[in-house]
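Peer 1: I am attaching a structure below and will ask some questions about it afterwards.
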Amino acid sequence: MKKTMNSLLLLPAMVFLSFTMKDPLPLGSAVPKADNKLKDISGKDVTLKEAMKENGLLVMFSCNTCPVVINNQARTREICQFATQQNIGVVLLNSNEANRKSSESLSSMQDYGQGQNYSWYYAVDKNNELADAFGASRTPECFLFDKNGKLIYHGAIDDSPSDAAGVKRVHLKEAINEAVAGKEVSVKQSKSVGCSIKRIS
């Protein structure tokens, strides 16, 4: 009887979550909310539309505090630099609105980004609007758009997010190479591993 009551109590929460959590953006989709103004760590506003370059756009949901983000920082810098070299715009988005007044404030983001020598955008996703539009749930989580603004890859940077020594394939780098060469991306999706995005309630 007690187990039944507990199950009944959990049911509304499960139903609520099923209606609030969106599925990830489908492959082939256009960049969502491309005209939303986002506050970058430079203090200036930027939009995803403005950030896009000739060969596309890489959007990565990230933050200052997730252990997986921190452990992946060398790989994040490497892939963002590579994307930039391939004339692909790069925007890292911090959607952790629930922690915006503390560890994920703009000033904390500025300190973190400068400490990591970011030379690309690292912007506030106010009210986690873009995370919701993308259906993003993790940090880090990557979305790669081609030169036409269509989603061609979604997932992790590589096939071993928890262990750099175990990487056998850098999915995101291969997707960039294939897209720039005009080829179809061979691995279009992979599983993101990381911390949940801390959305506002």
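Peer 1: When the residues of region 149-166 are narrowed to those that are touching a residue at least 40 places away in the same chain (Cβ under 8 Å) and outside any strand (DSSP E or B), which ends up nearest to the chain's Cα centre (by Cα)?
Peer 2: Looking at the filtered set, the residue picked out is I157.
Peer 1: A follow-up question, please. What number goes with the only condition from (1) within 28 Å of G28 (Cβ to Cβ); (2) touching a Ser or Thr at 6+ places or on another chain (Cβ under 8 Å); (3) in a loop (DSSP other than H, G, I, E, B); (4) not basic (K, R) that E104 does not pass?
Peer 2: Looking at each condition in turn, E104 falls short on (1).
Peer 1: Further, regarding this structure: When you look at L25, is it in contact (Cβ under 8 Å) with a residue 40 or more places away in the chain and assigned to a strand (DSSP E or B), yes or no?
Peer 2: Working: in contact (Cβ under 8 Å) with a residue 40 or more places away in the chain: yes; assigned to a strand (DSSP E or B): no.
Answer is no for this residue.
Peer 1: If you scan region 56-77, which residues turn out to be among the charged types (D, E, K, R) and over 14 Å from T139 (Cα atoms)? Walk me through how you get there before you give the answer.
Peer 2: So in region 56-77, the residues among the charged types (D, E, K, R) come out as 75, 77.
Selection gives R77 alone.
Peer 1: Considering only residues of region 102-140 that are hydroxyl-bearing (S, T, Y) and free of Cβ contacts under 8 Å to residues at least 12 places away in the same chain, which is surrounded by the fewest Cβ atoms within 10 Å (Cβ to Cβ)? It would help to see each step written out before you state the result.
Peer 2: Filtering region 102-140 down to residues hydroxyl-bearing (S, T, Y) leaves 102-103, 105, 107-108, 112, 118-119, 121-122, 137, 139.
From the residues that got through so far, the ones that are free of Cβ contacts under 8 Å to residues at least 12 places away in the same chain too are 102, 105, 107.
Working: S102: 10, S105: 16, S107: 8.
Top of the filtered list is S107.
Peer 1: Restricting to region 48-71, count the residues that are in contact with a Lys or Arg (Cβ under 6 Å, 6 or more places away or on another chain) and part of a loop (DSSP other than H, G, I, E, B). Spell out how you get there, then give the answer.
Peer 2: At the first step, the residues of region 48-71 found to be in contact with a Lys or Arg (Cβ under 6 Å, 6 or more places away or on another chain) are 55-56.
Those left that are additionally part of a loop (DSSP other than H, G, I, E, B): 55.
Of the residues in that region, 1 qualify.
Peer 1: How about region 171-188: which of its residues are surrounded by 15 or more Cβ atoms within 10 Å (Cβ to Cβ) and either closer than 16 Å to G89 by Cα or within 16 Å of the chain's Cα centre (by Cα) (or both)?
Peer 2: Initial filter on region 171-188 (surrounded by 15 or more Cβ atoms within 10 Å (Cβ to Cβ)): 171-176, 178-180, 185, 188.
Across region 171-188, the qualifying residues are H171, L172, K173, A175, I176, A179, V180, K188.
Peer 1: Which residues, taken from region 186-201, are in a loop (DSSP other than H, G, I, E, B), of a type outside the set (D, E, K, R) and over 19 Å from E129 (Cβ atoms)? Let's see the steps before the verdict.
Peer 2: Our first condition is that a residue be in a loop (DSSP other than H, G, I, E, B); within region 186-201, this holds for 186-188, 190-194, 197-201.
Those still in the list that are of a type outside the set (D, E, K, R) too: 186-187, 190, 192-194, 197, 200-201.
S186, V187, S190, S192, V193, G194, listed by residue number.
Peer 1: Something else about it: Restricting to region 72-101, name every residue that is out of contact with any helix residue (DSSP H, G or I) (no Cβ under 8 Å at 6 or more places or on another chain), assigned to a helix (DSSP H, G or I) and either surrounded by fewer than 17 Cβ atoms within 10 Å (Cβ to Cβ) or in contact (Cβ under 8 Å) with a residue 60 or more places away in the chain (or both).
Peer 2: Q73, R77, E78, Q81, T84, Q85, A98, N99
Peer 1: Of all residues in region 160-201, how many are in contact with a His (Cβ under 6 Å, 6 or more places away or on another chain) and of a type in the set (S, T, Y)? Steps first, please.
Peer 2: Residues of region 160-201 in contact with a His (Cβ under 6 Å, 6 or more places away or on another chain): 187, 189-190.
With of a type in the set (S, T, Y) added as a condition, the list becomes 190.
Within region 160-201, residues that are in contact with a His (Cβ under 6 Å, 6 or more places away or on another chain) and of a type in the set (S, T, Y) number 1.
Each row is one residue, and each column tells you yes or no for (1) in contact with a helix residue (DSSP H, G or I) (Cβ under 9 Å, 6 or more places away or on another chain); (2) of a type outside the set (V, I, T); (3) at pLDDT 95 or above; (4) more than 16 Å from G149 (Cβ to Cβ).
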position: M14; (1), (2), (3), (4): no, yes, no, yes
position: K22; (1), (2), (3), (4): yes, yes, no, yes
position: A30; (1), (2), (3), (4): no, yes, yes, no
position: T47; (1), (2), (3), (4): no, no, yes, no
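The values are calculated or read from the model by the stated rules, or taken from the named source; none is laboratory data. This is a predicted model, so every value here is computed, not measured. Glycine also receives a Cβ, built like all others from the backbone with ideal geometry; neighbour counts cover every protein chain displayed.
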